[in-house]
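Inspection log for the structure reproduced underneath, given as structure tokens.
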Amino acid sequence: MRNYSAGTMLIKARLGDIQKFVRVTEPHLKDFLIAAFAKFGVPAVTEGVKVVDSTGTELDDDVFEDVVKDPSVGVLTIKYDTEESVSMAPSPEQSDLKSRDSSDSQDTIILSESPSAKQQKLDTEAKNLVESILTKKPGGERIMNEYNRSKSLTDETRRKMVNILAADMTEKNGTSPPRQVKEKYARGIVSLFPYLSDPFSRTGYDHYYDGESGTGYLAWRIKTIQRSTARDRRSSYGASSEGTSREVGLGGPTARRETQFVPETVLSENECKEAVALMKHCPDEDTIKKKMKLTFDFRRNMVLDPQQSSNVLSVFPRFKDVKGLVEQDFVLMFGEDVSGKFLEKWTTTFKKKIIQQCRKLPSTSELEDLLLAADTPEDGIEVDDDSSWDSDLSSILLLLHLIPPSAQGRKRPGKVSASQAEKHLVVFKKTGTNIQEHLDSIMTSTQPYLLALGRKKKEVHQFFVILDKNAISCKSASSLGAIDELFKVHYVFATSYNPMLNNMFMFIQTTVYGIDVGKVKESPRVAEVRARLLH
């Protein structure tokens with residue numbers, strides 16, 4: 001609505017295909033209609049005019065001004081008797097003219113709210129719903145007070161909030177609430193508590209309820225209620241199918257993707273074989289890197305072929321001793337900007353925030369040791385303990401505690417602790433350990449992990465990535481550099497994440513590197529932690 005002076009406004013009107021703006025000094029219904037008809041040269045109609053809302057209730061003249069100024073009014077219909085057809089709507093800032101329906105001597109003008117107004121209305125309704133529930137239920141005020149104080153919720157408080165809302169939802173809608181109801185409660189959470197919204201998700205509330213997959217904290221709590229109800233009724237059926245995971249979109253380490261690399265020269269099959277043969281015994285690293293770049297497409301096809309993928313390190317053994325080849329392939333896939341994000345962002349954006357969040361977790365001896373080690377000397381804390389990792393690697397391991405492994409099903413290993421998962425991320429050996437003996441001791445091929453060699457954990461002088469009983473020497477001697485290379489090995493060799501480390505690597509993939517955002521299905525915990533850290 002455009003205001004020019006007190007009591008004056010500009011309203012859009014349309015006659016057939018002609019659209020004009022009508023300035024009204026006193027926006028009462030009759031004055032407005034007279035001005036609009038005059039604008040188009042149509043005889044004024046002031047008698048027999050009816051204005052009704054979407055429910056069919058007639059509006060009085062004295063509320064007309066308030067109605068046309070209200071963007072959430074819904075549908076407004078003006079009915080009058082005339083041989084001509086004139087449509088009137090508020091200006092574009094106020095609403096969009098959607099449609100007109102007429103029959104015989106009666107014209108119908110429909111004014112509907114804009115998409116942004118509808119969204120705002122839905123958010124407001126959902127916010128009021130959740131706020132009303134938390135205000136009335138025991139413990140709800142404490143939840144709101146905690147958020148107002150810290151702009152966040154602890155895990156325990158978040159669980160209490162979800163339990164309260166899920167209980168209210170099932171009490172009002174039964175143990176299988178409709179999708180739109182669950183979406184409304186989830187929307188209400190992030191509308192009432194905006195800092196809990198995930199900035200990377202489509203809706204912001206997918207981690208509370210994702211209607212496409214039926215997952216999220218609210219969905220999981222409702223399934224628990226359903227199981228409990230089923231047990232109480234001694235029923236063997238009634239489990240909801242909503243918890244079934246949707247098909248994961250294309251993304252992650254094993255996805256076939258368009259790469260950033262455009263080769264200057266395309267090698268024939270014979271030329272590829274010649275380059276591969278040359279590299280195996282070539283002493284010059286620059287020549288090896290050049291030939292590796294030329295054979296990149298050949299190698300990618302081999303990596304993505306299930307019949308050949310296990311032979312990549314046999315065909316290209318120089319990955320193991322020429323440092324930097326993993327980095328080079330990763331850059332050819334994603335570009336320099338993506339490749340450098342982890343080392344660029346970890347210490348500046350994530351490390352301190354992760355330490356702060358982990359201080360709120362239930363205390364354990366392993367967690368306290370990592371927190372102590374992760375604190376840098378600038379914080380005034382130094383750790384002299386042979387069993388502790390350095391500050392940067394300790395912060396990575398804290399991420400494992402903040403985003404713990406998902407349960408591995410009912411069969412073994414079942415639920416895995418962060419401390420157990422750590423052993424699948426990095427293994428320490430004293431300097432002088434025979435690498436080949438370590439490789440021979442591996443019973444089965446597993447997903448890649450780091451082997452750290454040093455005098456003690458905080459003084460590692462060399463890292464290797466162990467993959468399929470092969471040791472790939474890391475270019476970097478720093479723990480962050482080694483973690484960076486470990487992550488990139490997954491993509492260079494199209495190897496899936498270890499299930500125990502999946503949540504942690506998924507967070508690093510989407511939130512730090514920005515790879516396949518929106519294409520992969522993340523656990524609600526990943527989205528929740530991201531919301532905490534990025535707000």
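The values are calculated or read from the model by the stated rules, or taken from the named source; none is laboratory data. It should be emphasised that the depicted structure is a prediction, and the values quoted were computed from it without experimental measurement. Here the Cβ positions follow ideal geometry from the backbone for every residue, glycine too, while neighbour counts run over all protein chains shown.
With respect to the conditions (1) touching an Asp or Glu at 6+ places or on another chain (Cβ under 7 Å); (2) surrounded by fewer than 22 Cβ atoms within 10 Å (Cβ to Cβ); (3) assigned to a helix (DSSP H, G or I), residue 527 lacks only one, and its number is (2).
Of the residues screened, residue 176 is not one that is polar (S, T, N, Q) and at pLDDT 90 or above.
Yes or no: segment 287-295 includes at least one residue that is within 30 Å of residue 351 (Cβ to Cβ) and modelled with pLDDT of 90 or more. Among the residues of segment 287-295, not one is within 30 Å of residue 351 (Cβ to Cβ) and modelled with pLDDT of 90 or more, which makes the answer no.
Taking helices (runs of 4 or more DSSP H) as the structural unit, those lying wholly within segment 267-385 and holding at least 3 residues that are surrounded by 15 or more Cβ atoms within 10 Å (Cβ to Cβ) correspond to 269-281, 285-294, 296-303, 312-315, 325-334, 341-345, 351-358, 365-374.
For segment 171-192, a residue qualifies if it is outside any helix (DSSP H, G or I), touching a residue at least 12 places away in the same chain (Cβ under 8 Å) and not hydroxyl-bearing (Ser, Thr, Tyr), and exactly one does: 177.
Quick check on segment 451-479: of everything there that is in a helix (DSSP H, G or I) and crowded, with 19+ Cβ neighbours inside 10 Å, which residue is modelled with the lowest pLDDT? Can you show your working first?
Going residue by residue through segment 451-479, those that are in a helix (DSSP H, G or I) are 457-459, 479.
Add one more test, that the residue is crowded, with 19+ Cβ neighbours inside 10 Å, and what stays is 457-458, 479.
Working: 457: 92, 458: 89, 479: 95.
Checked segment 451-479; the qualifying residue modelled with the lowest pLDDT is 458.
Out of the residues in segment 124-170 that are of a type in the set (Gly, Ala, Ser) and free of Cβ contacts under 8 Å to residues at least 40 places away in the same chain, which is surrounded by the most Cβ atoms within 10 Å (Cβ to Cβ)?
Let us first name the residues in segment 124-170 that are of a type in the set (Gly, Ala, Ser), namely 126, 132, 139-140, 150, 152, 166-167.
Retained after the next criterion (residues that are free of Cβ contacts under 8 Å to residues at least 40 places away in the same chain): 132, 139-140, 150.
Values: 132: 13, 139: 12, 140: 20, 150: 12.
Per the stated criteria, the residue is 140.
Return the residues of segment 134-174 that are out of contact with any helix residue (DSSP H, G or I) (no Cβ under 8 Å at 6 or more places or on another chain) and of a type in the set (S, T, N, Q); say none if nothing qualifies. Once the filter is applied, which keeps residues that are out of contact with any helix residue (DSSP H, G or I) (no Cβ under 8 Å at 6 or more places or on another chain) and of a type in the set (S, T, N, Q), segment 134-174 yields 145, 148, 150.
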